[in-house]
Amino acid sequence: MVGFFNLKSNVLADQVDTGEAIMRVSRSVFKDSPNSEWKKFEDDTRGWLHANGYRYDGPGAGPNGEIPDSVQIVPVYDTANRMHVRIPWAGLLKNPPAVVDEPTYGNTQSIRFKVLLARYFMRHCR
């Protein structure tokens with residue numbers, strides 16, 4: 001059974017940083033230049049996720065929520081006219097996790113969007 005990915009921090013500024021990292025990856029998809037965020041993400045997806053605000057809560061997790069090699073991560077990429085729909089694992093439906101109300105997203109549009117990205121980027125990943 002695979003665990004869940006969660007944000008490491010409840011601090012809004014940390015979640016903004018995570019949202020900004022997601023934006024950098026999105027803007028650099030398929031760019032392999034040495035400083036490309038995409039290249040960093042592709043070279044070490046597990047390390048990138050952990051370094052940019054996510055922890056893994058599940059079997060085999062490292063002491064600080066590092067993602068074990070046993071967890072298969074499959075990135076998908078939306079385009080202007082293609083959206084991926086994630087179908088949840090049927091086992092998750094047998095005993096669904098509790099749903100909690102979202103805390104505030106911040107007080108400006110720029111902050112709200114970045115926090116939204118941070119909170120939902122790995123949201124439904126087990």
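The values are calculated or read from the model by the stated rules, or taken from the named source; none is laboratory data. Please read all numbers here as calculations on a predicted model, not as lab measurements. When we count neighbours, we look across all protein chains shown, and the Cβ atoms used for this are built from the backbone with ideal geometry, even at glycine. Accessible surface is based on the protein model in full, side chains and every heavy atom, while ligands, DNA and RNA are left aside. Shrake-Rupley method; radii C 1.70, N 1.55, O 1.52, S 1.80 Å.
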Regarding region 41-55, can at least one residue be identified that is under 19 Å from VAL2 (Cα atoms) and open to solvent by 60 Å² or more (accessible area, probe 1.4 Å)? yes
From the set of residues in region 80-104 that are in contact (Cβ under 8 Å) with a residue 12 or more places away in the chain and part of a loop (DSSP other than H, G, I, E, B), which is farthest from VAL11 (Cα to Cα)? TRP89
What's the number of the condition LYS114 fails, among (1) assigned to a loop (DSSP other than H, G, I, E, B); (2) within 20 Å of ASP17 (Cα to Cα); (3) out of contact with any Leu (no Cβ under 7 Å at 6 or more places or on another chain)? (1)
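Quick check on this structure: which one of PRO63, PRO88 is more than 23 Å from GLY19 (Cα to Cα), modelled with pLDDT of 95 or more and either open to solvent by less than 30 Å² (accessible area, probe 1.4 Å) or of a type outside the set (Val, Ile, Thr) (or both)? Before the answer, list the steps.
Numbers: PRO88 fails: modelled with pLDDT of 95 or more.
Answer to the check: PRO63.
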Across region 104-126, which residue is nearest to the chain's Cα centre (by Cα) among those that are open to solvent by 70 Å² or more (accessible area, probe 1.4 Å) and farther than 22 Å from LEU49 by Cα? THR104
What residue, among those in region 2-40 that are in contact with an Asp or Glu (Cβ under 8 Å, 6 or more places away or on another chain), closer than 19 Å to PHE113 by Cα and not β-branched (Val, Ile, Thr), is surrounded by the fewest Cβ atoms within 10 Å (Cβ to Cβ)? ARG27
I need every pair where a residue in region 29-52 that is closer than 20 Å to LYS8 by Cα and part of a loop (DSSP other than H, G, I, E, B) has its Cβ under 6 Å from the Cβ of a residue that is open to solvent by 60 Å² or more (accessible area, probe 1.4 Å) and among the β-branched types (Val, Ile, Thr), sequence separation at least 6 or different chains. none
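Quick check on TYR77: is it among the hydroxyl-bearing types (Ser, Thr, Tyr) and assigned to a loop (DSSP other than H, G, I, E, B)?
Values: among the hydroxyl-bearing types (Ser, Thr, Tyr): yes; assigned to a loop (DSSP other than H, G, I, E, B): yes.
For TYR77, the condition - among the hydroxyl-bearing types (Ser, Thr, Tyr) and assigned to a loop (DSSP other than H, G, I, E, B) - is met.
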